[in-house]
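Participant: Please find one structure pasted underneath; my questions will follow.
The values are calculated or read from the model by the stated rules, or taken from the named source; none is laboratory data. The shown structure was predicted, so the numbers you read here are calculated from the model rather than taken from an experiment. Positions of Cβ are generated from backbone atoms using ideal geometry, with glycine treated the same way; all protein chains shown enter the neighbour counts.
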Amino acid sequence: MNTIDVRGLTKRYGPDTVVDDLSFTVEAGHVTGFLGPNGAGKSTTMKMIMGLAAPTHGSATIGGRHYRDLPVPLTHVGALLDAGAIHGSRTAHDHLLALAVSNGLPTARVGAVLERTGLTSVARKHAGGFSLGMRQRLGIAAALLGDPQVLIFDEPVNGLDPEGIRWIRGFMRSLAHEGRAVLVSSHLMSEMAQTADHLVVIGRGKLIADTSMTDFMAANGAGTVLVRSSEPGTFARLLTAAGATVRDGLESSLVVSGMTGAEIGRLAAYHDVVLSELAPQQASLEDAFMELTKDSLEYLGATS
């Protein structure tokens, strides 16, 4: 099957455990977003899947086989882990041609992937002069050379302009619609919200969530309610006593979680508190992610 299976994956460097007993599956036909704070172990996990790092314990397989056991790896799995891993003095065409020939792939695939990634017009230009965004596209083209059914992308939108980000979003979706398994990490939560079907979230090397985007938002992304009152301090105390969590918002507003808008309205009516605004706020994926991973941050800056 065209899946990635990670089972009990652990990686230690000396006394440090970077990936800790991690298990999840990337299914065919889905874009799986791989999320976690800096230092969570995402890149190390991807390297172990690709055979670039040896697990201390556990396993990572592609279609039931370890990467090292795949006869022609590029025909099974394609990956972009480092957009800078190109020979700068080669043209985009020659970079891909060298990969195709060395892996026994049809040279016709070079033109096909250049066209699909929008690089045909710069195929004869030296890759060393490419912007980071163009190198990202070239790395994606290389990942597609063998027409694999499993694809792994580490931060593929780095360096892309808004048009490029929009392109990569549609591109990832199209790969999944073709029945491929797509694993993609990104720090752009707004893009993951529009791209991923499924989420795997890790923190400090441990699994935090493995769920559909819909279920993740339902479980972790409950919205807040913006409240404005002529008596914000008094009403904040009433809300807290009723079990809500209250923080100060902009312009003397209150941001309330733990109670619905209807419950807040009833509480205000009971205590004869006049509300000038009562507006449910839809939580974003970023809000949900930050709340879920707040205890897994490697570095936490001070806030004013």
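Participant: Which of the following residues is among the acidic types (Asp, Glu), closer than 30 Å to PHE171 by Cβ and modelled with pLDDT under 90: ASP210, ASP248, ASP215?
Facilitator: Matching residue, one of ASP210, ASP248, ASP215: ASP215.
So that you can scan it fast, the table gives a plain yes or no per residue for (1) free of Cβ contacts under 8 Å to residues at least 60 places away in the same chain; (2) charged (D, E, K, R):
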position	(1), (2)
LEU160	yes, no
TRP167	yes, no
HIS177	no, no
VAL184	no, no
ALA209	no, no
GLU231	yes, yes
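Participant: Quick check on region 172-182. Is at least one of its residues surrounded by fewer than 20 Cβ atoms within 10 Å (Cβ to Cβ), at pLDDT 90 or above and within 16 Å of the chain's Cα centre (by Cα)?
Facilitator: For region 172-182, residues surrounded by fewer than 20 Cβ atoms within 10 Å (Cβ to Cβ), at pLDDT 90 or above and within 16 Å of the chain's Cα centre (by Cα): present.
Participant: Scan GLY233, GLY243, GLY249, GLY205 and give me the residue that is of a type outside the set (S, T, N, Q) and assigned by TED's automatic domain parsing to the domain that holds PRO156.
Facilitator: Result of the check over GLY233, GLY243, GLY249, GLY205: GLY205.
Participant: How about region 61-99: which of its residues are closer than 25 Å to ALA28 by Cβ, aliphatic (A, V, I, L, M) and in a helix (DSSP H, G or I)?
Facilitator: Once the filter is applied, which keeps residues that are closer than 25 Å to ALA28 by Cβ, aliphatic (A, V, I, L, M) and in a helix (DSSP H, G or I), region 61-99 yields LEU74, LEU99.
Participant: Could you grab me the full set of residues in region 117-168 that are assigned to a loop (DSSP other than H, G, I, E, B) and aromatic (Phe, Trp, Tyr)?
Facilitator: Across region 117-168, the qualifying residue is only PHE130.
Participant: Here is a further query. Can you report the number of residues in region 261-285 which are at pLDDT below 75 and either in a helix (DSSP H, G or I) or hydroxyl-bearing (Ser, Thr, Tyr) (or both)?
Facilitator: Total satisfying the criteria: 1.
Participant: Then there is this: Could you check region 74-111 and list, in sequence order, the residues that are free of Cβ contacts under 8 Å to residues at least 12 places away in the same chain and surrounded by 15 or more Cβ atoms within 10 Å (Cβ to Cβ)?
Facilitator: Within region 74-111, just ASP94 meets the criteria.
Participant: Might you check whether a residue that is of a type in the set (Asp, Glu), assigned by TED's automatic domain parsing to the domain that holds LEU188 and assigned to a loop (DSSP other than H, G, I, E, B) occurs anywhere in region 19-27?
Facilitator: Looking through region 19-27, at least one residue is of a type in the set (Asp, Glu), assigned by TED's automatic domain parsing to the domain that holds LEU188 and assigned to a loop (DSSP other than H, G, I, E, B).
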